[in-house]
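Here is the structure we will look at, set down as structure tokens.
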Amino acid sequence: MTLTSPVKYLLVVEDRFNVRMMMSEYLTQQQFDVTTASNGVEALEHCGQRQFDCILLDLMMPTMNGIDFLRELRKTTTTPVIVISAKLEESDKISALEHGADEYITKPVSMRELTARINALLRRIAIQSNQPANKVQLSNNGRTVILHNRTVDLTPTEFKILEALVLQPNKILSRKEIATALYGNETVNIDRSIDVHIRNIRSKIEVDAENPVYITTVYGAGYRFQL
């Protein structure tokens, strides 16, 4: 007997007809069940009729733009959203992420990369949904974290980074904000070292460091501790 994976339902929200159809046709070939919408109002109607596994969202649309759609969507559901936009400004990325987007991809993007991003996000969501509720205790004296009754030893720097994230759950912290928690107001070029420390922390607290559940990367913005 051959076992097949359950069908995943996608909603593509894009105002340009040719782009919308191209995405729909390709993703259908990748075994997704695809619904399309040309603006935020139409997309909300679809969301009221069906539960989607992931939404692919353009930002610049008539009638209701992507940010307004996110505001309305997040009042009722946590459905994963990947923004795909030609907007390159950091402020646009941060705005989308702060309004509830899970990822932000700039156009143009290849369909192969998009498919990989969708699958990676769905895997991460699946792992997270199978985890018990996060229970994290920080011990300043021992520089340790107790996670699900398991004690994890951290270096002083790792502890400070994790503490900064845990004390502001679900908030995106930029590398600069994490650096401020470590070094105060000093201006230092530590982007790469922050990434290394995050990777080391994940190796100690995550079940699968390649698909993190607790410390997630918000592309283009920073890191977030998930509750």
So, first residue in the same structural domain as residue 163 (by TED's automatic domain parsing) in segment 190-210, second residue acidic (Asp, Glu) and modelled with pLDDT of 85 or more, Cβ within less than 7 Å, six or more apart or across chains; the pairs are 197/158; 200/158; 201/158
Lone qualifier among 101, 86 - being assigned by TED's automatic domain parsing to the domain that holds residue 60 and either under 15 Å from the mean Cα position of the chain (by Cα) or at pLDDT below 80 (or both): 101
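Can you tell me which residue within segment 156-183, out of those that are among the basic types (Lys, Arg) and part of a helix (DSSP H, G or I), is farthest from residue 222 (Cα to Cα)?
160
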Looking only at segment 161-174, how many residues end up being closer than 17 Å to residue 93 by Cα and free of Cβ contacts under 8 Å to residues at least 60 places away in the same chain? 4
Residues of segment 1-59 satisfying the condition of being farther than 18 Å from residue 112 by Cα and of a type in the set (Gly, Ala, Ser): 5, 37, 38, 40, 43, 48
Restricting to segment 63-74, and then to whatever is among the aliphatic types (A, V, I, L, M) and in a helix (DSSP H, G or I), can you tell me which residue is farthest from residue 96 (Cα to Cα)? 73
Which one is nearest to the chain's Cα centre (by Cα), of the residues in segment 104-129 that are at pLDDT 85 or above and hydroxyl-bearing (Ser, Thr, Tyr)? 104
So residue 66 clears everything in (1) among the small types (Gly, Ala, Ser); (2) modelled with pLDDT of 95 or more; (3) in contact with a helix residue (DSSP H, G or I) (Cβ under 8 Å, 6 or more places away or on another chain) except one condition, right? Which one? (2)
Of those in segment 175-187 that are closer than 23 Å to residue 95 by Cβ and surrounded by fewer than 19 Cβ atoms within 10 Å (Cβ to Cβ), the residue modelled with the lowest pLDDT is 180
Checking the condition without any contact (Cβ under 8 Å) to a residue 40 or more places away in the chain, closer than 25 Å to residue 226 by Cβ, assigned to a helix (DSSP H, G or I) and touching a strand residue (DSSP E or B) at 6+ places or on another chain (Cβ under 6 Å), which residue from 116, 96 passes? 96
Starting from residues that are modelled with pLDDT under 95 and out of contact with any helix residue (DSSP H, G or I) (no Cβ under 8 Å at 6 or more places or on another chain), keep the ones in segment 46-63 and report whichever is nearest to residue 95 (Cα to Cα). 62
Determine if segment 29-41 includes at least one residue that is exposed (fewer than 15 other Cβ atoms within 10 Å of the Cβ), within 22 Å of the chain's Cα centre (by Cα) and farther than 16 Å from residue 78 by Cα. yes
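Matching residues to (1) surrounded by 11 or more Cβ atoms within 10 Å (Cβ to Cβ); (2) modelled with pLDDT under 85; (3) hydroxyl-bearing (Ser, Thr, Tyr):
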| position | (1), (2), (3) |
| --- | --- |
| 131 | yes, yes, no |
| 142 | yes, yes, no |
| 156 | no, yes, no |
| 169 | yes, yes, no |
| 173 | yes, no, no |
| 189 | no, yes, no |
| 205 | yes, no, no |
| 212 | yes, no, no |
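The values are calculated or read from the model by the stated rules, or taken from the named source; none is laboratory data. These figures come from a predicted structure and were not determined experimentally. Cβ atoms come from the backbone with ideal geometry, glycine included; neighbour counts cover every protein chain shown.
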